[in-house]
Amino acid sequence: TRMQTKALVQHSPLDVRDGGAEETAYGLQCLNYMLRSPNGTFLRPDVIMFNWGLHDGPLGNRTVPGQAGLPAVYSKQLEMLTVRLK
């Protein structure tokens, strides 16, 4: 709450129940949506922090169907995300 006067801090997607990290493919698919405010306005943030790819590790995520990425594509997709965010 102290940051409200300094910055807009937004969790994307606009749902804070599960973290929304998932695999890098999810980040690529949803990036344009996630860079919008709740009313749909495109944002040009000064700082972006993301953690897509946590489900792309060697063990994946076997507990939640549909959230297991492929370790073989992680590096390439992470690079694609960073290029799109520049």
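Let me check I've understood the local charge: for V73, count other residues with C-beta under 13 angstrom from its C-beta, Lys and Arg +1, Asp and Glu -1. What total comes out?
Details: positive: K76; negative: E23, D56, E79.
Summing Lys/Arg as +1 and Asp/Glu as -1 gives -2.
Say R0 is 22 Å: what FRET efficiency, to the nearest 0.05, do N39 and T5 get from their beta-carbon distance? Please list the in-between numbers first.
On the way: r = 20 Å, r/R0 = 0.93.
The value I calculate is 0.60.
We did not get these values from a lab; they are worked out from the coordinates using the rules stated. Values in this document were obtained by computation on a predicted structure and should not be read as measured data. Here Cβ is always computed from backbone atoms with ideal geometry, including for glycine, and neighbour counts include all displayed protein chains.
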